[in-house]
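Worksheet: the structure to be examined is printed underneath.
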Amino acid sequence: MNFSEEIKSYKIKIDALLREYLLAEKERARLVSSANEKIFDFVVDFCGRGGKRIRPILFIKGYEAVSRSVGIGGKDAGEIIRASISIELVEAYLLIHDDIIDEDSIRRGGPSFHRMAGEWRNEHFGVSAAIIAGDMLGGLANQIIMETSFHPELKLRAIRELISAEIECFHGELYDVVLEDEDEVKEEDFFKMVDLKTVSYTTVAPLVMGAILGKGSSKQIEAFRKYGKLLGRAFQVIDDILGTFGEEKRTGKPVGSDIRQGKKTLLLLYALSQNPVTDSFGVEENLQLVESSHRLLRSEDVEFLQHCIGNKDLKYGELQQVRKIFKDCGALEYSRNLATEYIKKAKLVLDSSDFKAETKEFLNYLANFIIERKL
């Protein structure tokens with residue numbers, strides 16, 4: 001089975017179990033009121049829009065890398081897939097709340113949760129329902145792990161890992177909001193935020209939780225922490241590139257929303273560092289990642305970026321000009337090359353690990369997939 005087929009095979013099983021689980025919870029909601037049931041219709045719709053389900057697949061692969069039960073047909077296959085749904089529920093929970101914070105109206109090619117619920121009743125109701133739905137999904141993530149047949153001690157360790165990742169993500173989300181109002185942000189500040197907000201639950205927690213349930217050694221779990229951190233950093237950098245240079249039909253969310261929200265992405269930070277009067281980015285050791293043919297920003301470029309960043313009414317023509325500035329100054333090239341460097345380092349961690357060969361191969365393909373995602 002090749003990489004794409006394996007991804008598809010896991011996705012089918014994950015989607016089926018996720019839908020089955022949520023429909024059971026919808027039945028409980030129906031017993032409360034028709035309104036509760038309606039909100040769960042939104043939950044089922046929102047959670048059903050997932051892409052390739054990379055997070056739960058990482059969870060499963062973390063398990064397979066260290067366990068004697070290997071592959072979809074293994075002894076605990078059904079249980080580990082069920083447990084992996086926990087990270088998808090947390091993802092939905094965080095996205096629902098993130099869309100409220102960022103005032104985004106589109107998610108995964110459809111309306112954001114608060115927009116769906118708001119259109120049903122009113123705007124305030126929509127935000128209230130979204131907050132509650134997100135909180136509920138966070139609780140269900142713990143519940144589904146507890147309902148599996150793994151040893152209680154292993155389940156407790158996995159849930160502790162999940163809670164730890166959520167707490168880190170909360171701090172990262174807050175730090176991200178704080179950085180929007182900071183005038184000088186360095187690359188190290190950006191990656192501090194990324195490690196907390198994205199890496200924690202997107203790549204590290206799924207791999208580690210799976211390895212815990214697979215009775216992995218402390219050495220194996222530490223290897224996953226290192227690999228996950230590098231993979232997660234690359235994932236976020238590429239995600240930010242797609243957020244500015246991608247197409248809405250591919251990304252499933254408004255292109256340019258990071259610029260409209262004033263997000264301090266690596267693209268923006270590098271671009272501003274190419275202003276002759278700015279030296280706060282701190283990338284001297286990485287300058288070799290960019291060809292010398294790129295130009296420094298002119299004062300009018302800086303003024304234009306300052307006009308666009310945080311501008312809720314950013315026009316498409318202005319977005320196009322921001323893209324051109326990012327390309328001309330080397331920000332796009334720098335970001336892509338840095339993501340590639342993180343992937344190379346992640347593969348080195350895999351090469352030196354004692355994970356099963358077939359899992360190493362899959363995770364190497366996954367690293368390639370992340371860096372090659374299309375605009």
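Select, from GLU222, GLU180, the only residue that is of a type in the set (D, E, K, R) and free of Cβ contacts under 8 Å to residues at least 12 places away in the same chain.
On the way: GLU180 fails: free of Cβ contacts under 8 Å to residues at least 12 places away in the same chain.
From the options GLU222, GLU180, the qualifying one is GLU222.
Looking only at residues in region 352-375 that are among the small types (Gly, Ala, Ser) and open to solvent by less than 40 Å² (accessible area, probe 1.4 Å), the one that is nearest to ILE241 (Cα to Cα) is ALA367. What are the pairs, 6+ residues apart or on separate chains, where a residue within region 131-146 that is closer than 22 Å to ARG115 by Cα has its Cβ under 7 Å from a residue that is open to solvent by 10 Å² or more (accessible area, probe 1.4 Å) and among the hydroxyl-bearing types (Ser, Thr, Tyr)? That search, which allows pairs on different chains as well, returns GLY134/TYR93; LEU137/TYR93; GLY138/TYR93. At least 3 residues that are open to solvent by 40 Å² or more (accessible area, probe 1.4 Å) in each: list the helices (runs of 4 or more DSSP H) lying fully within region 1-68 that qualify. In region 1-68, 3-32, 34-47 are the helices (runs of 4 or more DSSP H) which contain 3 or more residues that are open to solvent by 40 Å² or more (accessible area, probe 1.4 Å).
For region 332-375, the set of residues classified as of a type in the set (Asp, Glu) and under 20 Å from the mean Cα position of the chain (by Cα) consists of GLU341, GLU372, listed by residue number. Region 80-181 holds helices (runs of 4 or more DSSP H) entirely within its bounds, and those carrying 1 or more residues that are closer than 24 Å to TYR10 by Cα map to 123-146, 152-180. Set side by side, the residues ILE132, ILE144 differ, and just one is among the hydrophobic types (A, V, I, L, M, F, W, C), over 19 Å from the mean Cα position of the chain (by Cα) and within 30 Å of SER218 (Cβ to Cβ), which is ILE144.
If a residue has to be under 27 Å from GLU303 (Cβ atoms), in a helix (DSSP H, G or I) and open to solvent by 10 Å² or more (accessible area, probe 1.4 Å) to count, how many in region 182-216 make the cut?
Count: 4.
What do you reckon, is LEU179 surrounded by 16 or more Cβ atoms within 10 Å (Cβ to Cβ) and at pLDDT 95 or above? So LEU179 fails the test.
Would you check if LYS327 is surrounded by fewer than 16 Cβ atoms within 10 Å (Cβ to Cβ) and free of Cβ contacts under 8 Å to residues at least 40 places away in the same chain?
On the way: surrounded by fewer than 16 Cβ atoms within 10 Å (Cβ to Cβ): yes; free of Cβ contacts under 8 Å to residues at least 40 places away in the same chain: yes.
Criteria met by LYS327.
Residues TYR342, TYR316: which one is among the aromatic types (Phe, Trp, Tyr), modelled with pLDDT of 90 or more and closer than 20 Å to GLN236 by Cβ? None of the others qualify; the one that does is TYR342.
Which of the residues that make up region 262-293 are under 18 Å from VAL237 (Cβ atoms), surrounded by fewer than 20 Cβ atoms within 10 Å (Cβ to Cβ) and either β-branched (Val, Ile, Thr) or at pLDDT 65 or above (or both)? Correct list: VAL283, LEU289. When you look at ALA133, is it crowded, with 17+ Cβ neighbours inside 10 Å and within 15 Å of ALA35 (Cα to Cα), yes or no? Yes, satisfied.
Condition first: closer than 18 Å to VAL44 by Cα, open to solvent by 10 Å² or more (accessible area, probe 1.4 Å) and free of Cβ contacts under 8 Å to residues at least 60 places away in the same chain. Can you find one or more residues in region 83-96 that meet it? Yes, that holds for at least one residue.
The values are calculated or read from the model by the stated rules, or taken from the named source; none is laboratory data. Since we're looking at a predicted model, the values are computed, not measured. Note that we place each Cβ from the backbone using ideal geometry, even for glycine, and neighbour counts take in every protein chain shown. Ligands, DNA and RNA are excluded from the accessible area calculation, which covers all protein heavy atoms including side chains. Shrake-Rupley method; radii C 1.70, N 1.55, O 1.52, S 1.80 Å.
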